[in-house]
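Worksheet: the structure to be examined is printed underneath.
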Amino acid sequence: MPKVELHLHLEGAAPPAFIRGLAKERGIDISGIFDAAGNYRYDGFGEFLKVYEAATEPLRSPQDYYRLTRAVLAESAAHGVIYSETFLSPDFCGGADLAAWKEYLHAMQEAAAEAEAADGIILRGIVTCIRHFGPDRARAVARCAAETAGDWITGFGIAGDELAGKPADFAWSFDMAREAGLRLTAHAGEWQGPDGIRDALRDLRVERIGHGVRAIEDLALVDELAENGVVLEVCPGSNVALGVCRDWRAHPIGRLFDRGVKVTVSTDDPPFFHTTMSHEFDRLAETFDWDAGVFATLNRTAAEAAFCDEETRARVLKQLETA
Ligand SMILES: [Zn+2]
């Protein structure tokens, strides 16, 4: 089944073997972040963020990001993804310096164009600031986003530690991105409860929420999300792996969907959570007894909420329909 994915962190999707190989080439020792089987090793969200940042260590040049983009898209395409949006962090790509960012971006776009020609997978980028790096750094990232906004960099977002600062601290950056024509999303309602989602919607005026699953703790908010057509980028495997949800059966995606919220399915940082888009679809089918019709709805919702131009959207929708 073809799939549309809206929530994928490029570095977080790096296959461990790729990062290990790159570290070896660079003579960097990050062996401590891998377990005996060669997978990323961490315990809890705090350590996950540290291992995540350590895994980006060997990624030091635009050429590295070219290779990373190819590796990630090959993996996504192998699991049926036909359209993907990935979070890109100028913080990791040249330290939020605009000239450096443009070089990294050029390399990633080149890789994406080659992957599209080879496998048919379409990629668009969402420039993302990191919440725990603070509002000043976010302004530099927003400047990178605004200067490179166009038909490939189509969105702006915020990721990182949701418990650091408040959405309002980042309003300046989101205003700048909006004025540059970028579409907006924010991670919220993963580690913070319903209020974090309300704050992001009010203070950052985003149209999509990354995760948002803890909306389920406040049914009035759930109904508001449904009424206003706010799209949730739900990543069930990530939530289960990090302990946001006890297990698949306890995951609120089914209840959110039944109550009319526009939910979509993504992998977040797939190798960290031992998941893929096929795995997510399979687990959802078996947990909630969802049939092909439900997955077609989820895919269509994602395509309609994608931050791409209308011609690209029409192409993706057509591919979904004919599948
Ligand atoms: Zn995420």
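No lab work stands behind these numbers, since they all come straight from the coordinates. Bear in mind the structure is a predicted one, so any value in this text is a computation, not a measurement. Note: ideal-geometry Cβ built from the backbone for every residue, glycine included; neighbour counts use all protein chains shown.
Details
- Pairwise Cα separations in the chain fall into 10 Å bins from 0 onward with the following percentages, short to long: 6, 28, 38, 23, 4, 0.
- Compactness relative to 2.2 N^0.38 Å, alpha carbon Rg of segment 1-127: 1.04
- Most positive-pole-ward Cα, Phe48, Ser31, Val261, against dipole of segment 3-322 from beta carbon charges: Ser31
- Across segment 311-323, computed HN-Hα scalar couplings (Karplus, 6.51 cos²θ - 1.76 cosθ + 1.60, θ = phi - 60°) run 5, 5, 4, 4, 5, 5, 4, 5, 5, 5, 5, 7, 5 Hz from first to last residue, x flagging Gly and Pro.
- Part-to-part distance (alpha-carbon centres) for segment 23-70 and segment 157-189, which is given in Å: 26 Å
- Taking amide H atoms as placed 1.01 Å from N in the peptide plane, the amide H of Ile122 lies under 5 Å from those of Tyr83, Ser84, each 5 or more residues away in sequence or on another chain.
- Whole-Hz couplings from phi, Karplus 6.51/-1.76/1.60, listed for segment 27-33; x for Gly and Pro: x, 9, 9, 10, 4, x, 8
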